[in-house]
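Student: Just dropping this structure here.
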Amino acid sequence: MSMPDKCDDAIAQLYEFLDGELDDAARARIEAHLRECSPCLEAFDFEADLRRIVSSRCRDRVPEELRERIRGLLQPSD
């Protein structure tokens, strides 16, 4: 497989790699490619950092009043 093909494969599977959804062989193949290819490693680092930022900053607080309304709806009525 040529380097562009390996890059295409690595980028195509980037999200599955980040989510831990690849089997051991595919994960090892992508890890080996990332060690050899700095452009793909940069793409991986960018996506991993972006996910961390989004995860840490995009958390809405649910108002307590809404929580209580939902609890009330979920409780069985007698």
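FYI, it's all coordinate maths here, none of it is from the lab. Just so you know, these numbers come straight off a predicted model, no measurement behind them. Glycine gets a Cβ as well: all are built from the backbone with ideal geometry, and neighbour counts include every protein chain shown.
Student: Mind ordering 13-19, 23-29 by average Cβ neighbours within 10 Å, highest first?
Tutor: Details: 13-19: 14.9, 23-29: 11.7.
Packing proxy ranking, top to bottom: 13-19, 23-29.
Student: Rounded to the nearest 20 debye, what is the charge dipole size of the range 3-74 about its Cα centre when +1 sits on each Lys and Arg Cβ and -1 on each Asp and Glu Cβ?
Tutor: Values: 12 positive and 18 negative charges, 108 e Å.
Its charge dipole is roughly 520 debye.
Student: A further question on this structure: Take the Cα atoms of the range 3-74, build their convex hull, and give its volume per residue in Å³.
Tutor: Dividing the Cα hull volume of the range 3-74 by its residue count gives 111 Å³.
Student: Would you calculate the separation in nanometres between label points at Ala25 and Ser55, each defined as 7 Å from the Cα along the Cα-to-beta-carbon direction?
Tutor: 2.9
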